[in-house]
Amino acid sequence: MSKMEAYVETGMLVVGFLLIVAGCYCLIRTYHLLKIIIGVEVAMKAVTMFVILAGFINGKIALAQAFVITVIVIEVVVAVVAVGLAINLYRIYGNMDIRNLRKLKG
Amino acid sequence: MQVIESSTVLIFAVPLVIFLINSLFSKRLAEKFSMGLAYVAPITQIVATAACFVQIAHLKQHDIIISWDLAGAVSMRFAVHTYSLVFLFCIALVSLASIMVANRTVPQKRTGFASLLMMLILGMNGIVMVTDLFSLYVFLEIVGISSFVLIAMFKSETGLEGAFKYLVMSVLASIMILTGLAFIFMQTGSLQYDHLEASALAGQSPTQLVLIYAAMILMIAGFAIKTGAVPFHSWLPDAHQSANTAVSVLLSGIVIKVAGIYGLIVITGFFGKLPGIKLTLFIMGTISIIIGALFALRQSHFKRIVAYSSVSQMGYILLGLSTVSMLGLLGAVAHVFNHATFKSTLFTNAAAVHEQTGTYDINELGGLEKKMGVTSFSSLAAFMSTAGIPPFAGFWSKLLIIMALWSSGARVFAAIALFASIFTAAYFLRLQRKVFFGKLRDQLAGITEIGGSVKLAQIMLTVVTIAAGLLFPFALLYFRGIGLL
Amino acid sequence: MLAAISSFLGSGANIIYFMIVLPLAVGAVLWLVNNYYFRLILALLSAAVNLLFAVSLYRSEGFYLLFPFSSGGLDIAFNVYRFSSLFLTFIAACFLLVILYSVVYLKGKKHAGLFMLYMYISLAMMNGAFMADNLGVLLFFWEGLLCTLFGILLINNLHNPRTAVKALTLSGTADLLMMLGIIITAYQAGTLYISQMEKLPVSGLAAAGFACMMLGAIGKAGSMPFHSWIPNAAEDAPTPFMVAFPAALEKFLGIYLAARIAMDIYDLQPGSGASIAVMTIGTLTIVLAVAMALIQKDMKRLLSYHAISQVGYMVLGIGTALPIGIMGGIFHMLNHVIYKSCLFMTAGSVELQTGTTDLKKIGGLGRKMPITMICFIISALAISGVPPLNGFFSKELVFDAALESNLVFYLGALLGAFMTAISFLKLGRAAFGGEFKLPSDRGDVRESSAGMYLPMAVLAILCVLFGVANTLPLDGLLGPALGDTHRYSGWPHSVVLVLISVAVLLLALGDHLYGSKKSGGALYAADHIHYAPGLHGIYNLAERQVFDPYMWIMQLANAISAVCNWIERGIIWLYDDAVTGLVKGAGTLLQRFNDGSLSRYLLVAVTGVAGIIVIILAIN
Amino acid sequence: MEAVIYICLGLLFICGVLAVMLRSLLKSAIALAGASAILAIIMYLLGSVWAGIFELSVCAGLVTVIFVSAISLSNTDKQDLAKLYEDAKRMSALPAILIICGVVLILIAAKTPFMLPAAVPAAETADNFREIFWNHRQVDIWGQVIVVLTGALTVVALFKERE
């Protein structure tokens, strides 16, 4: 392995972390339900990349592919559930504001 | 072996078949029969678990791996061991109680409920039987997704809110767990349990293990979210309060334990010896016990009190795990079992009280003891078990946990765990006093005891609670006698 | 049989657990199920099973069992050997009769289930106490018994818990002494296990430990100075309680431990100061309690003073530290349980039929209740020490030992025997002889049901049996259990002593006849002693409870509480306001913080992750 | 090849940040699709063809469709997002945070002795992937089946209009 590629791996890790930070920041700060889901998706892109990177580093790219495909399927279904919940909340409140969700507290 | 193999097939096949039958029937027919059909799955599972146990006791083999080949090559591997049998039994028991409660509390969408319940059971069974961390993650997501939908499917305002909060926190947990898995995979090249056992930590320096440390931090946090340990607990009372009570029984009774605690058992089993992990779990457990109890003391919603009590009790289980010793693990698993029984009892009682009086607010209740004797008694038994009063079951598991803490040198934590029992007693006494003791309110004069399957569920769970308490030492001796401990 | 039970339970040692768990479980069931016949059958069955277990333990080689999951300081150890399993058997047999009597007596009464629950918990605690090898474990069971005692006294007197509080205070003080004694003993011996203790010499700090433990043990048995709640309980508590606790179960437990303290834990030498002190307590108990019994005009109260007085003989016997004395003390305890249970049962029987035990109101019951009367006569003769009943033989053994130690103790014991005989002559004639005094609407008094006179009859027969054939208990049971090969059975070897005892009994008869003639009636036969010059004043003071240690404790407590009032107030403030305020405040603060906003939830979770990172980094 | 990967990484980062920061939900969704597409390219470059295809079709395609339909259902316009939800204000600190995190991470990567495991060359072919996916990971496939069935139940339970 050349030295260059080690840098590539480190670079991927750094970019991935930054994307997770961005996604989580979006998750925490936004008031819009769909934006939350977008934040989650951004973070998931980074996680998917980590899995592929892991397979690439230890030479088990086929196994990593199998993992990634499963992860993608799950990701989609979670997104569907989340969007479904968001739409149902929209039907009740007429908007997608997260600040509506304060009935349960204490 | 034959018995275990066919039992495992049944455990997975029966829920799947029931799901298919539910979707094949015409809608009206399914709505009528799906709930009755649902009973088959947990009952089969109880029988299958018992059969497996008998077989394991006979073979005197702690760990049994089963391989199925459905498509030619050797492919699917599952493991059955003593602890996972305890979990499987709890899953079946709580599901049974949940269906009994649902009979009363779920008037519509019964097919949907039954089908999702089957998916949930499948997911939980998968979690405790897989032999691979990634498969564990997959089944974790199944459990998660079916739980969200179970909470939200009745489309009440609060139900949707609780489900959404649960979903977002859960997704955060998934991100953490999956990143952790990627790091472990990066380091070891495999996620199979037996490979991890062999390769983990073999002669590595801390600088080489940085990925493992990062993975452990992320996975402990992720599983702690699923468990509902403080400071990752915030979603738990919301979700458990807002769900239909039949679903709360499931969530509090078993889901948090299978999704959270079991994951922690697995990862501490591999990497628990790393410095720092113990202390993390110690602190998290202690904080959970105290903060959960403090929250529970100030609530006025029946289900919310019980939900916060789950947070507090999860703290005990974490303390048991944190010792990374056999005794601690035993105590933790025993507490999982006990918590499954008494927490389902309490939620079943919540359902009974709500069905009969129409309210969950404990300030509007009082004196139900005279009108609802069975509910009151089962609540008392569950509360005594939770508070760890001998000879109820909770006493023994807490004793084991405290002994494990003591002998592992964490005497301060042992003392805290012991004294925190006072908190437990305090919030449950408050609940019991406000709801069941005292003078009967005039507007409650006409109420009656709940009947039918809910009453049956209460009786069943109370019998299990009391019997477990009385038989606990003998069971322990028996397990030792046949060499399973 | 042991083999069969063992194979059923997995191991013979598991019987030990069952002896504790079974009563607890049965008690819970009896508490919940309120059906007379079910209760009767289950109670008998479970008591029989308990007896079966006890007998099989007795017939076994003995077991030593360490609870398998233990760690430093928390070991739970049980040791069952000849001596303890003998007591287990005694108590199991006694419990069988008592429970039969209780179930029948309490038929249809309020709180019968609760009474059963407490009885069975007590049985479990007692079984545990007999089997415990670890003094800490022993203390746990010991204190458990205190709780059930308190609970049982509360049952009928929730609104006026005078007796219960008194019993709790006095027995609690005794138990406190016991706790202190155990701490000192464990410190001195360096171990908590009785089986590992080598006989400690009674000197220095160990003497204090001995005194504390001994006082605790005989206090449990009802000896002075922890006795004064028993007469009160006789008025307030249901009769089965009196049959069970002061008459039987507590005697077993207290004397068992006293014997073990004197034999196994400490090295009590005959003639030593400690021995003299114990004997003095014993003699004082005999004389003072029986003197009080003499003047009572209520059947249960009178009997309860005798329950105290008889402990004196046991304490006296054990206090001599001579083999014959210990044997006599334990044999006397066994006999006492038999005849005193029987006596209380007859009292209960009378009470159930007539509604009172006040001797002024009843009389002439002999014709109406013949079986009760016969049982009463046999057991009264036994307690008075009339040959050849069982009480005679055990008293002679104690007399023998007392005389060997010091003449004073012998004379004291003899005086006790004299007064016992007088008071029972009075009681018997007042209750069963004479004419029928009850108002005419209570004329339908008849014999009690079989469930009640059956236990009485069994006990009365045992009185005779253990007297005539005293080889069986003395050489068959107690000798092997104590490891004493000397034969004590048969007639006492000293004819002089026997003659003196008989003379004392005849003297008592004479005194009784004189008294009843003088004051006109059997009931007032003891009045000439009561109102004798000099004694009269003392009795008056005693009636006003001046000699009651409970009153001393209460006065002391009042003084202390007056002094400590401000401390108490501070502590109350701490508990009522400061701690609860802190907890509630913390709860409210947390509740405010948890405002339901999802962002905050997530933020808290992310902070948690940061916390974990900090912990891990700090450790590495 | 490294240069291409670097460029792709940069684009992925930009797309991700845009998806979070953009002031229109529709544009955010499209940026997310872009991120998926670029991730697919990275996967392809690292040798995982099948995963790339999946990422491209499912994440860039299906998820975007779901988002767009949800957005059109809820019709939140630009002004609303800015005003009602204070999006721009609340997201404004993100670039600063990202820069700080980035600097810290690069410093850690450059200065500390932490090591990644040594890379091993992959010796696998397409057949190898098929073998692993269909045979060794059958548990996961069954898991996927159950997930998809649960998803179907979700659609039935949540998306139906009011009964």
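Details
- Out of D:22, D:11, one residue alone is touching a helix residue (DSSP H, G or I) at 6+ places or on another chain (Cβ under 9 Å), closer than 29 Å to residue D:92 by Cα and at pLDDT below 90. It is D:22.
- Qualifying positions in the range B:221-257 - aliphatic (A, V, I, L, M), away from chain C (no Cβ under 14 Å) and under 15 Å from the mean Cα position of the chain (by Cα): B:246, B:247, B:249, B:250, B:251, B:254, B:255, B:256
- Only one entry in A:72, A:20, A:36 is touching a Phe, Trp or Tyr at 6+ places or on another chain (Cβ under 7 Å), in a helix (DSSP H, G or I) and at pLDDT 90 or above, namely A:72.
- Of the helices (runs of 4 or more DSSP H) lying entirely inside the range C:557-620, those containing at least 3 residues that are modelled with pLDDT of 85 or more and within 14 Å of chain A (Cβ to nearest Cβ) are C:580-593, C:598-619.
- The residue that is modelled with the lowest pLDDT, among those in the range D:89-125 that are surrounded by 11 or more Cβ atoms within 10 Å (Cβ to Cβ) and among the small types (Gly, Ala, Ser), is D:122.
- Scanning the range C:461-509 for residues that are over 23 Å from residue C:381 (Cα atoms) and either crowded, with 18+ Cβ neighbours inside 10 Å or modelled with pLDDT of 80 or more (or both) yields a total of 5.
- For the range C:332-377, residues that are in a loop (DSSP other than H, G, I, E, B) and either surrounded by fewer than 19 Cβ atoms within 10 Å (Cβ to Cβ) or not hydrophobic (A, V, I, L, M, F, W, C) (or both) total 10.
- Here residue C:484 clears all of (1) outside any helix (DSSP H, G or I); (2) more than 30 Å from residue C:62 (Cα to Cα) except the condition numbered (2).
- Candidates are the residues of the range B:390-442 that are part of a helix (DSSP H, G or I), without any contact (Cβ under 8 Å) to a residue 12 or more places away in the chain and of a type outside the set (A, V, I, L, M, F, W, C); the one that is surrounded by the fewest Cβ atoms within 10 Å (Cβ to Cβ) is B:442.
- Complete set of residues in the range A:53-106 that are of a type outside the set (Val, Ile, Thr), more than 14 Å from chain C (Cβ to nearest Cβ) and more than 30 Å from residue D:116 (Cα to Cα): A:79, A:84, A:88, A:90, A:91, A:93, A:94, A:95
- Of residues in the range C:397-413 being surrounded by 24 or more Cβ atoms within 10 Å (Cβ to Cβ) and not aliphatic (A, V, I, L, M), the one farthest from residue C:492 (Cα to Cα): C:409
- Filtered residue count, the range B:148-167, keeping only those that are within 8 Å of chain A (Cβ to nearest Cβ) and surrounded by fewer than 24 Cβ atoms within 10 Å (Cβ to Cβ): 3
- Identification of helices (runs of 4 or more DSSP H) wholly contained in the range D:1-71 with 2 or more residues that are outside the structural domain of residue D:160 (by TED's automatic domain parsing) and either hydroxyl-bearing (Ser, Thr, Tyr) or farther than 26 Å from residue D:129 by Cα (or both) yields D:2-21, D:25-46.
- Single condition residue C:159 does not satisfy, out of (1) modelled with pLDDT under 85; (2) under 28 Å from residue C:226 (Cβ atoms); (3) part of a helix (DSSP H, G or I): (3)
- Residue check, residue B:57 among the hydrophobic types (A, V, I, L, M, F, W, C), buried (at least 19 other Cβ atoms within 10 Å of the Cβ), in a helix (DSSP H, G or I) and touching a residue at least 24 places away in the same chain (Cβ under 8 Å): no
- Residue that is modelled with the lowest pLDDT, among those in the range B:170-198 that are over 30 Å from residue A:81 (Cβ atoms) and away from chain A (no Cβ under 11 Å): B:198
- Taken residue by residue, the range B:129-146 has at least one member that is surrounded by fewer than 24 Cβ atoms within 10 Å (Cβ to Cβ), at the interface with chain D (Cβ under 9 Å from one of its Cβ atoms) and touching a residue at least 40 places away in the same chain (Cβ under 8 Å).
- Against the conditions (1) touching a residue at least 24 places away in the same chain (Cβ under 8 Å); (2) more than 14 Å from every other protein chain (Cβ to nearest Cβ); (3) farther than 30 Å from residue C:26 by Cα, residue B:445 satisfies every one except (1).
The values are calculated or read from the model by the stated rules, or taken from the named source; none is laboratory data. The model shown is predicted, which means the values in this text are computed figures rather than measured ones. Cβ coordinates were reconstructed from backbone atoms using ideal geometry, including for glycine residues, and neighbour counts include every protein chain displayed.
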